[in-house]
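The values are calculated or read from the model by the stated rules, or taken from the named source; none is laboratory data. Worth saying up front: this structure is predicted, and the values here are computed from it rather than measured. When we count neighbours, we look across all protein chains shown, and the Cβ atoms used for this are built from the backbone with ideal geometry, even at glycine.
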């Protein structure tokens, strides 16, 4: 397939354009793998300017089909250690007007720059605008009553907005990208130059913002252009009638009916009278919901049930009253009937950020978590990664393993089930404020411990184990209180917010949904491996073509037909995904990031207790006899089966 690439070398201040026509490249991930292989980025530091960041849209952006406009970022992660995809919902709806498919950022600008990409109706224009770092930090600390990514976004609107007589969008990083390995890229849909409430979205996982800023010195990207019609070489799927016929031809059902049926959870579920990930997940998870830094294995089930009941009362019910009932629903920026973005009091509310920086971090009161989540978002963190870090730090302080003053916090947290149940509002507010304080300390690297925490839990633990070894028990590590999926000697990523065994398996891509993430299920290792692969092969495709995974229920069986009808490409979907998975594995191995056994006792306990809680009596009995040995055997068998099925060597 043919794609147009805009290559920006920030170090040499050069811009070039090329058409790539390669039968192996069908999307952003395909191109990114090819480029990183050619450049040999496995042998360099992730913050080396040669760690190219690929930003791009998929081959179906410009169609009328909902969900086809995710903007993808692909790079080598400073956190997980290997190649990583990160997705930003809706932003490609504006990016398509630039007139290119992919943009690559290579080299490092001498000073921080805002990259402006736009099409004036005739040509693609690229401008680099320098801003002194001191000025950026000043804006991050406060501009027009806001801070961080929100302040920088508003500053760029005020500075550049009047120049454009067309739709544009802004993506920025925050101070988290300057001082941590888990900074994100933030973007909010704009309407007539105003930020659209509730439409925020992020390319967050893996440290995309950290690489963009620290490898390339890019603090923001402004993109847009005069409206452009995409030319599909085959059937014109920018035409509603044509696209509708393709979808109905596959599903044998009316177009509107099939889309509504397959996206019920994200729009509105009449059975639960709620919608969105926040509304749907809490009733479903029950007492398996992650709380208090993943301490579920040590909390009696009856207490977990009480905590869940409190979450439903103080977290879920207010969300429904303030977001669902008044129908405060919007999109990520592209026309979409699902309107999955739910908001209240001017704040977008999504499950993962509000879970990681809420119940996981000791807050079950929604208005309290507004404080922590907004601070974490403002600072520009990957909210999942930060929430996992914050929960870990709060537990360490609660246990007197770290001291509040060392971290730069004003008080000790209330980090017990009793405190949450006896005083849910006071306890939640106290903990949420501490999370907000921690976000600022790490984002601005305000003390030595905060700078260390910016490395991530696993890397920080190595330093803390030496510095504070007198505070640990014999054979104990700071890692034992942390929950992360490890890769290689120092790779790590916080799993998504589900007590799911597949979330802890070291895979070439983790921390997103390239795994089997069903909570409450303990499968035989060989079956788990099969389900991981089955999920990953299609998650690869959603990212490769930049399609919102909320639409996967109807889109998955249609994708092959779309390639055939719109491009005349007959693709063996599964075979291509398998080959690309093998290339991702090959790259990870060259980079030195291969599977390792869990080096956190908390993770081992989550897996051991999971076997009991999720009803696998045979494995539960084995874990009781030899917890660590059984965990190692389980992981070995999962990875052995994974390797056999994919035809790779990805074993302990």
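All conditions but one from (1) in contact with a helix residue (DSSP H, G or I) (Cβ under 7 Å, 6 or more places away or on another chain); (2) under 14 Å from residue 213 (Cα atoms); (3) not in a strand (DSSP E or B) apply to residue 150; the one that does not is (2).
Of 612, 645, all but one fail to be without any contact (Cβ under 8 Å) to a residue 40 or more places away in the chain and assigned to a helix (DSSP H, G or I); the exception is 612. Selection of the stretch 22-44 for residues being under 25 Å from residue 570 (Cα atoms) and in a helix (DSSP H, G or I) yields 28, 29, 30, 31, 32, 33, 34, 35.
Could you tell me whether any residue of the stretch 216-225 is touching a helix residue (DSSP H, G or I) at 6+ places or on another chain (Cβ under 9 Å), more than 30 Å from residue 133 (Cα to Cα) and touching a residue at least 40 places away in the same chain (Cβ under 8 Å)? Within the stretch 216-225, none of the residues are touching a helix residue (DSSP H, G or I) at 6+ places or on another chain (Cβ under 9 Å), more than 30 Å from residue 133 (Cα to Cα) and touching a residue at least 40 places away in the same chain (Cβ under 8 Å). Only a single item in (1) within 16 Å of residue 277 (Cβ to Cβ); (2) assigned to a loop (DSSP other than H, G, I, E, B); (3) in contact with a helix residue (DSSP H, G or I) (Cβ under 8 Å, 6 or more places away or on another chain) is not met by residue 333, and it is number (1). Evaluation of residue 484 against the conditions (1) surrounded by 19 or more Cβ atoms within 10 Å (Cβ to Cβ); (2) at pLDDT below 95 shows that the sole unmet condition is (2).
In a residue-by-residue description of the stretch 584-599, the property of being part of a helix (DSSP H, G or I), farther than 23 Å from residue 80 by Cα, out of contact with any strand residue (DSSP E or B) (no Cβ under 7 Å at 6 or more places or on another chain) and at pLDDT 95 or above applies to no position.
Each residue in the stretch 129-184 was checked for being within 21 Å of residue 108 (Cα to Cα) and over 27 Å from the mean Cα position of the chain (by Cα), and 6 of them qualify.
Where strands (runs of 3 or more DSSP E) fall wholly inside the stretch 54-142, the ranges with 2 or more residues that are modelled with pLDDT of 95 or more, crowded, with 22+ Cβ neighbours inside 10 Å and touching a strand residue (DSSP E or B) at 6+ places or on another chain (Cβ under 7 Å) are 71-76, 83-88, 102-106, 113-119. With the structure loaded, tell me whether residue 282 is under 21 Å from residue 328 (Cβ atoms) and buried (at least 22 other Cβ atoms within 10 Å of the Cβ) or whether it fails that test. Yes. Provide a single number: the residues in the stretch 442-454 that are assigned to a loop (DSSP other than H, G, I, E, B) and within 16 Å of residue 376 (Cα to Cα). Of the residues in the stretch 442-454, 4 are assigned to a loop (DSSP other than H, G, I, E, B) and within 16 Å of residue 376 (Cα to Cα). The set of residues from the stretch 253-279 being farther than 21 Å from residue 556 by Cα, in contact (Cβ under 8 Å) with a residue 12 or more places away in the chain and either surrounded by fewer than 16 Cβ atoms within 10 Å (Cβ to Cβ) or out of contact with any strand residue (DSSP E or B) (no Cβ under 8 Å at 6 or more places or on another chain) (or both) comprises 273, 274. Within the stretch 414-429, the set of residues being assigned to a helix (DSSP H, G or I), more than 27 Å from the chain's Cα centre (by Cα) and within 25 Å of residue 297 (Cβ to Cβ) comprises 417, 418, 419, 420, 421, 422, 424, 427.
Suppose we filter 291, 305, 311, 324 for residues that are touching a helix residue (DSSP H, G or I) at 6+ places or on another chain (Cβ under 7 Å) and touching a residue at least 60 places away in the same chain (Cβ under 8 Å); which single one remains?
Numbers: 305 fails: touching a residue at least 60 places away in the same chain (Cβ under 8 Å); 311 fails: touching a residue at least 60 places away in the same chain (Cβ under 8 Å); 324 fails: touching a residue at least 60 places away in the same chain (Cβ under 8 Å).
So the residue among 291, 305, 311, 324 that is touching a helix residue (DSSP H, G or I) at 6+ places or on another chain (Cβ under 7 Å) and touching a residue at least 60 places away in the same chain (Cβ under 8 Å) is 291.
Going through (1) over 17 Å from residue 337 (Cβ atoms); (2) outside the structural domain of residue 53 (by TED's automatic domain parsing); (3) in a helix (DSSP H, G or I); (4) touching a helix residue (DSSP H, G or I) at 6+ places or on another chain (Cβ under 6 Å) one by one, residue 209 falls short only on (2). So, restricting to helices (runs of 4 or more DSSP H) that lie completely within the stretch 519-574, which ones have at least 2 residues that are in the same structural domain as residue 622 (by TED's automatic domain parsing), closer than 30 Å to residue 644 by Cβ and touching a strand residue (DSSP E or B) at 6+ places or on another chain (Cβ under 7 Å)? Passing ranges: none, list empty.
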